[in-house]
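What follows is a set of notes on a single structure, which appears directly below.
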Amino acid sequence: MARNDLDRILNGLGGEETPDDVRRMAEELAGCLRQDLVRTRQHKHTLWREHIMRNRIVQLAAVAAIIAVVSIGLYHLGVSPDGAGVAWGEVLAQVENVPVVAYKMRLTMAYPEGRQWVDESDVYASREHGGRIDSYKEGELYMVKYVLPARKIAYIVHPQLKRYFERTLSDEQAVAMAEKQDPRQWLKWILNEEYSQLGPSEIDGIQVEGIELRRESEVLRVWVDVQTNWPVRIESEGQMMNEGQLRPTHMILDHFQWNAQIDPAVFEPNLPADYTLSGPR
């Protein structure tokens with residue numbers, strides 16, 4: 001096949017620019033089939049053989065198109081066709097098979113005059129049981145939040161005040177609240193949009209590679225262990241509503257326990273008899 005024919009096929013696959021590695025694979029395949037075509041032409045030319053020649057050209061076009069389509073799909077999933085770097089599609093597939101994950105979250109919120117609010121939490125996310133967040137201020141537990149999508153209900157418990165809030169959820173609210181605290185969903189958000197590669201780095205002695213998504217006033221980053229394909233840190237920079245104002249925030253998720261062995265009782269709300277149910281929030 002002539003190069004201009006190959007270019008026509010590759011450039012006609014949607015509106016995307018064909019990645020260099022995809023074009024290289026297609027050109028290598030084209031070269032192999034061209035050599036086969038020349039060898040066949042050295043034999044007696046019959047109408048049947050001419051038919052085969054024409055069909056091989058069609059086959060080449062089809063195979064090149066298939067390679068390009070598949071590779072472009074992998075390209076947008078973050079999978080490197082030539083095997084270089086982290087295969088982000090494989091990372092997503094790996095974490096998607098995990099039923100339960102536990103991790104630590106640190107939220108820093110900036111206030112005027114240089115003041116900061118630092119919130120540290122232990123988070124548990126389960127597809128079957130829901131989610132739980134234990135939040136600490138200066139090392140003291142001040143709030144426990146339960147999200148139970150199957151029951152369409154959420155609880156916010158304040159142990160220091162012996163008080164709790166109960167909130168009934170719609171289907172959409174239950175899904176949204178569960179996804180917000182699930183790091184697997186954060187990875188999906190990034191991979192579903194136009195992200196950029198951050199390249200190699202090191203976190204706590206672990207060799208990692210990262211990707212970054214910038215949208216409006218928010219930045220999301222994911223860093224993955226290049227040896228295991230497990231995410232080791234997720235970061236978010238943006239703004240959060242607090243006391244009627246949007247305030248700059250920085251959130252870090254780390255110390256992941258993928259496929260953690262968590263007692264299902266952890267997700268069952270602890271509401272002692274002497275705790276008071278407060279009104280709707």
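Some notes on this structure:
- Within segment 241-260, considering residues that are aliphatic (A, V, I, L, M) and assigned to a strand (DSSP E or B), the one surrounded by the most Cβ atoms within 10 Å (Cβ to Cβ): 253
- Scanning segment 158-191 for residues that are assigned to a loop (DSSP other than H, G, I, E, B), surrounded by 12 or more Cβ atoms within 10 Å (Cβ to Cβ) and at pLDDT 90 or above yields a total of 4.
- Unique residue being assigned by TED's automatic domain parsing to the domain that holds residue 179, modelled with pLDDT of 90 or more and under 30 Å from residue 133 (Cβ atoms) when the list is 115, 106: 106
- Condition met for residue 200 (at pLDDT below 95 and in contact with a helix residue (DSSP H, G or I) (Cβ under 8 Å, 6 or more places away or on another chain)): no
- Test: residue 238 is in a strand (DSSP E or B), more than 29 Å from residue 115 (Cα to Cα) and free of Cβ contacts under 8 Å to residues at least 40 places away in the same chain: no
- Scope segment 145-173; condition touching a residue at least 60 places away in the same chain (Cβ under 8 Å) and within 18 Å of residue 117 (Cβ to Cβ); matching residues: 156
- Considered as a group, the residues in segment 125-138 that are in contact (Cβ under 8 Å) with a residue 12 or more places away in the chain and surrounded by fewer than 17 Cβ atoms within 10 Å (Cβ to Cβ) include one that is farthest from residue 102 (Cα to Cα), and that residue is 137.
The values are calculated or read from the model by the stated rules, or taken from the named source; none is laboratory data. In this text, all values refer to a predicted model and were calculated from it rather than measured experimentally. Because the Cβ atoms are built from the backbone with ideal geometry, glycine has one as well, and the counts that use them run over all protein chains shown.
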